[in-house]
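Values in this text are rule-based calculations from the coordinates and carry no lab data. Not measured: the values here are computed from a predicted model. All Cβ positions, glycine included, derive from the backbone under ideal geometry; neighbour counts span all protein chains shown.
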Amino acid sequence: MATPHIGAEKGDIAKTVLMPGDPLRAKFIADTFLEDVVQYNSIRGMYGFTGDYKGKRVSVQGSGMGAPSMGIYSYELFNFFDVENIIRVGTAGAFSEELHIGDLVMGQGVSSNSNYASQYEIPGIIAPIASYELLERAVSLAREKEYSYKVGNILCSDIFYEDIDFSHKWKKMGILAVEMESAALYLNAARLGKKALTILTISDELHSGKKATAEERQTSFTNMMEIALETAL
Ligand code: HPA
């Protein structure tokens, strides 16, 4: 049954879904890495595709930018389409000086300035964390392929253009990098008893001001996709 944002039937979507923020990236992933692809969604241009990767069914769905958008799509996938695993594949700005353009970051935990968790009325602070199973698989693949990666705490921020730069406060608590979607993803997974993981590629060094070139983006994106797709197997 279709939902307000995903025009598909239950069986149209695989148990594991890769989610880039950009729907055109979802199309690129489907075109480049999957066989026998079927497009199951185009509502709001937020494309979703299902196909085969090395004989296993995998879906790819754009999440849009920010926790509210990721919140909607991941909730609908988990709750209405019986999706079990979501792997976010995105870009991030590096706080840590040990992270450089093209490095991978696995979000073991997600800190946030987002209000998303307030809906649960938890009498304290919940720590949104990755599925250990997915994280362990992704880390061992990155190690095997000798990609440069770090695993740790990331920041999911609601604000891209910040009036006041608080990055030094997050950095001194060991936060590796900033993105904008993972809090909603990890919290939905926790609430619904599902598995989630975020894999990020550093596209901006916030500590040096350096930004990825188009070529660097492409190579590191391919490395990240390989890890995500192999993790999904
Ligand atoms: N901030 C938030 N999200 C991002 C950034 C950033 O600097 N770079 C890539 N995604």
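Data table
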read-out: Net length gained if the chain between E136 and M65 were fully extended (0.36 nm per residue, minus Cα distance); value: 22.9 nm
read-out: Globularity index of the range 163-222, i.e. its alpha-carbon radius of gyration over 2.2 N^0.38 Å; value: 1.40
read-out: Estimated distance in nm for a label pair at K169 and H100, the labels positioned 7 Å out from Cα along Cα-to-Cβ; value: 3.2 nm
read-out: Percent of alpha-carbon pairs separated by more than 13 Å within the range 2-60; value: 55 percent
read-out: Calculated P(r) of the range 121-233 - Cα pairs past 25 Å, %; value: 29 percent
read-out: Those aspartates and glutamates that a straight Cα-Cα span of less than 17 Å connects to K211, excepting residues fewer than 8 apart in one chain; value: E97, E98, D103, E179
read-out: With at most 15 neighbouring Cβ atoms within 10 Å, loop chymotrypsin sites (Phe, Trp or Tyr not before Pro) (DSSP) excluded, longest segment of the chain; value: 1-159
read-out: Spacing of the two label points (7 Å from each Cα toward its C-beta) at L24 and Y120, in nm; value: 3.6 nm
read-out: Cα-based equivalent ellipsoid, the range 1-139: semi-axes from gyration tensor eigenvalues, Å; value: 25, 20, 14
read-out: Of all DSSP beta bridges in the chain, antiparallel share, percent nearest 5; value: 40 percent
read-out: Dipole magnitude (debye, nearest 20) for the range 124-174, charges at Cβ of Lys, Arg, Asp, Glu; value: 240 debye
read-out: Cβ charges +1 (Lys, Arg) and -1 (Asp, Glu), total dipole of the range 28-92, debye; value: 160 debye
read-out: Kirkwood-based shape ratio for the range 103-170, expressed as Rg/Rh from alpha carbons; value: 1.05
read-out: Ellipticity estimate at 222 nm from DSSP helix runs (n ≥ 4, -39,500 (n - 2.57)) divided over the chain, nearest 500; value: -9500 deg cm²/dmol
read-out: Within a Gaussian network of the chain (alpha carbon springs, distance under 10 Å), most fluctuating of D82, D165, D103; value: D165
read-out: The chain, dipole about Cα centre (Lys/Arg Cβ +1, Asp/Glu Cβ -1), debye to the nearest 20; value: 320 debye
read-out: Ratio of the Cα radius of gyration of the chain to 2.2 N^0.38 Å, where N counts its residues; value: 0.95
